[in-house]
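First the structure, in the form of structure tokens, and then the observations on it.
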Protein chains: 4
Amino acid sequence: MQLGRNRIEALADGVFAVAMTLLVLDIKVPELQPPLATSELPLKLLALWPKFLSYTISFVILGVYWVGHHVQLSFIRRADRPLLWINILFLLWVALVPFSTALLSEYANTRLAIAIYGANLIAIGLTLALHWWYATTKRRHVDPDIDSGLVRGAMHRTLMAPLVYILAIVLSFLHTEVSLALYALVPILYILPGRIDIHWGGRHQGKSKTDQAGEK
Amino acid sequence: MQLGRNRIEALADGVFAVAMTLLVLDIKVPELQPPLATSELPLKLLALWPKFLSYTISFVILGVYWVGHHVQLSFIRRADRPLLWINILFLLWVALVPFSTALLSEYANTRLAIAIYGANLIAIGLTLALHWWYATTKRRHVDPDIDSGLVRGAMHRTLMAPLVYILAIVLSFLHTEVSLALYALVPILYILPGRIDIHWGGRHQGKSKTDQAGEK
Amino acid sequence: MQLGRNRIEALADGVFAVAMTLLVLDIKVPELQPPLATSELPLKLLALWPKFLSYTISFVILGVYWVGHHVQLSFIRRADRPLLWINILFLLWVALVPFSTALLSEYANTRLAIAIYGANLIAIGLTLALHWWYATTKRRHVDPDIDSGLVRGAMHRTLMAPLVYILAIVLSFLHTEVSLALYALVPILYILPGRIDIHWGGRHQGKSKTDQAGEK
Amino acid sequence: MQLGRNRIEALADGVFAVAMTLLVLDIKVPELQPPLATSELPLKLLALWPKFLSYTISFVILGVYWVGHHVQLSFIRRADRPLLWINILFLLWVALVPFSTALLSEYANTRLAIAIYGANLIAIGLTLALHWWYATTKRRHVDPDIDSGLVRGAMHRTLMAPLVYILAIVLSFLHTEVSLALYALVPILYILPGRIDIHWGGRHQGKSKTDQAGEK
């Protein structure tokens, strides 16, 4: 029997959407006694900046992994049980991000919080690399004539983030600020164009739509 | 390779659905000591009206932006990395709305809260305008023979809301109530019909269904 | 231009899924001091029964409305701006249910809580009736040769729930227990078979799948 | 009229995605007084291990049930009202899992918490078994020529988990640790390959896409 690829995509989209939106629950509206509200609010809101920063970093990095996951899935032609469970393991780490983000934003100058946040992101990245490795080894779930440069390129690109995170954790023994800067840097690495260019199925999709409209 | 347009739509639908539904978490059931419950509850619930009002305004304005986003996507025939990241930036602002709404409902008579709420909505609107500008400049991601009046019309319509929000923030220096009234007004502007009429693909979709039934 | 019907369905599915799952956040794990845990937990959990009851009622009634909404959409062949906004108004009421459910579960013997819960459900039901009325009047958005008995039947079925809720609110002046019993009764009315039978597109969908498999 | 199978799948995917991601809300960042932060944080985080463990068990078991549900749906060719309501009942139990998980993680050495967690999972499993029984009895909603070994095999596989959970509840009278170990064991049973192999429709799906491209 067959479990449609669109099903795992739907679950993944749901988990990503919920995890990305739950991040905001960590930014709590400051509670003030009424007489002080107008005067104290600006300072209290300014004090929330680590929350806003970690919200932004985590939201964008989840966006990066969401893109990476879909790009991999788009190459996969068939699947089996292990691949399905690698996907669920991947989502397990993704759904933990609201926790590790809240921990980081609360204890941003603590090495342990920095290490746990990094470890969470490393786990996501390595699971995604495992996903790609499992799917492409012996061309198990991809087209047999897939370009092997593309396979390697995608793997390198996937492993880039975990490497930077390991570096960030190591450097936190010197300066925690350096680690935070590296965390903020990773999304930028991925926003830059790579070997695999993303473009959605416009030509024929668009064409068929136009055709349908023409038929009308 | 191709990232299906339906994937970005699925993530966007998820983020919008979660953000719109999380808004309700800001309306908390009043806690009362048992002997007072029956007598104090009405007053306590009435005191929640700013929460209900801001819930309604934010829910509807998110609905407006959800529609606007999908209308734009429906014109887009192909995409690239920058367009993808504009989408994720757009969703980053959308997911912040439960926070800025909670802030506004708590400090509705404070200029800072009004300004932050407005700034959040302006950021959504400008990112949506950027999305349209990037997609339509040199007809980069839309049909080359798209009606240029339609392109301009959609841009004007998208920029209408940010302009009203800027006005609302400026007017908050005079009367905070005026700003709140303007925030409540914006959705109405968009509910009115525009140049681009929305109708879903009924004719041929319906036809194909009937055909399938006929084939049976 | 066209906004696909599947887009409004996706948003609706998302809002329903989140609202139905958020209901559980109202059931909080009892907090106990460690020495008492084993002995006090059973009583504390038993005291949660109004929470479990209202969770169940609201979950099932949201299921009823989710089915009703999709059944209506399946008849709709085209749409316009007003219909879109009726849909968003409908979802606005749906997303409020976690609040009104928490209120009811906290103040189940209070007429005001019963009335607000009922009013929320009435608002959902009447918006759904408005949706059907707007779509079918002059056969605006449905097949022109739709069976008019079916149109009336669906309307009667949709209005059934709001009528029972109005009755429940009125009867709360006599006994609040009667109102709660009526709230629990409504889902049962809808689980029973109606004129419009639900069955999904198995025959040809299944056929096409078999064909595809055969083609392989 | 027809309610598309993809609609119940979309609601199910949404409820599963939200329930799986809400599990993380039970893992709260420890609150510490600033002078102690660096020194006390490791111990406080270590003390969260029952939360992490129950998060993992529940996430994976929900993954198991999500797979099981979709596998069943993929065999179902048509549906009716009772089947629809069995689905909604199934989702009602699924959405309760964040509560029962939080209860278990708070009172892991308490028999009552173990029993309630197990009962929640048994309810999910039995509802899924009911779903299969109802759909396959007299081949009501499946292909008439479905392999009856497959029907029985799927039923046995579905009933395996509830049986282990009953055993876990019984054994909690001896040692609560044994029960917890059994809960952790169940997902492993399902990750192993079964009679019904999962593979997604790559070949012809890919083929049809290629064809479309070829038609271009």
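Just a few scattered comments:
- Qualifying residue in the stretch A:8-23 (condition: more than 28 Å from C:Thr21 (Cα to Cα) and either surrounded by fewer than 20 Cβ atoms within 10 Å (Cβ to Cβ) or within 13 Å of chain D (Cβ to nearest Cβ) (or both)): no
- Conditions (1) over 14 Å from C:Leu92 (Cα atoms); (2) more than 7 Å from every other protein chain (Cβ to nearest Cβ); (3) under 15 Å from the mean Cα position of the chain (by Cα); number of the one not met by B:Ile88: (2)
- B:Leu43 being more than 14 Å from chain A (Cβ to nearest Cβ), farther than 25 Å from A:Lys28 by Cβ, over 23 Å from the mean Cα position of the chain (by Cα) and not in a strand (DSSP E or B): yes
- The residue list B:Ile124, B:Ile114, B:Ile146 contains one member that is within 15 Å of B:Leu171 (Cβ to Cβ) and aliphatic (A, V, I, L, M), which is B:Ile114.
- One residue alone among C:Val142, C:Val164 is touching a residue at least 24 places away in the same chain (Cβ under 8 Å) and touching a Phe, Trp or Tyr at 6+ places or on another chain (Cβ under 6 Å), and that residue is C:Val142.
- Residue match in the stretch B:113-133 (condition: in contact with a Pro (Cβ under 7 Å, 6 or more places away or on another chain) and surrounded by fewer than 22 Cβ atoms within 10 Å (Cβ to Cβ)): yes
- Test: A:Thr110 is at pLDDT 95 or above and within 14 Å of chain D (Cβ to nearest Cβ): no
- Scan of the stretch D:179-188 for residues that are surrounded by 13 or more Cβ atoms within 10 Å (Cβ to Cβ) and among the aliphatic types (A, V, I, L, M), ordered by number: D:Leu180, D:Leu182, D:Ala184, D:Val186
- Given (1) within 20 Å of the chain's Cα centre (by Cα); (2) closer than 28 Å to A:Ile8 by Cβ, index of the condition B:Arg81 fails: (1)
- Condition check for A:Tyr107 on (1) without any contact (Cβ under 8 Å) to a residue 12 or more places away in the chain; (2) surrounded by fewer than 22 Cβ atoms within 10 Å (Cβ to Cβ); (3) on the phi < 0 side of the Ramachandran plot: one failure, at (2).
Yes or no, residue by residue, for (1) at pLDDT 90 or above; (2) touching a helix residue (DSSP H, G or I) at 6+ places or on another chain (Cβ under 7 Å); (3) in a helix (DSSP H, G or I):
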site	(1), (2), (3)
D:Thr101	yes, yes, yes
D:Leu126	yes, yes, yes
D:Leu130	yes, yes, yes
D:Gly149	no, no, yes
D:Met160	yes, yes, yes
D:Ile166	yes, yes, yes
D:Ala184	yes, yes, yes
D:Tyr190	no, yes, yes
D:Arg195	no, yes, no
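- Verdict on A:Leu73 being assigned to a helix (DSSP H, G or I), surrounded by fewer than 24 Cβ atoms within 10 Å (Cβ to Cβ), without any contact (Cβ under 8 Å) to a residue 24 or more places away in the chain and among the hydrophobic types (A, V, I, L, M, F, W, C): no
- If you go through the stretch D:59-70 and keep only what is farther than 10 Å from D:Phe16 by Cβ and free of Cβ contacts under 8 Å to residues at least 60 places away in the same chain, you end up with just D:Phe59.
The values are calculated or read from the model by the stated rules, or taken from the named source; none is laboratory data. What you are looking at is a predicted structure, and each value in this text was computed from that prediction instead of being measured. Here the Cβ is made from the backbone with ideal geometry for all residues, glycine too, and neighbour counts use every protein chain on show.
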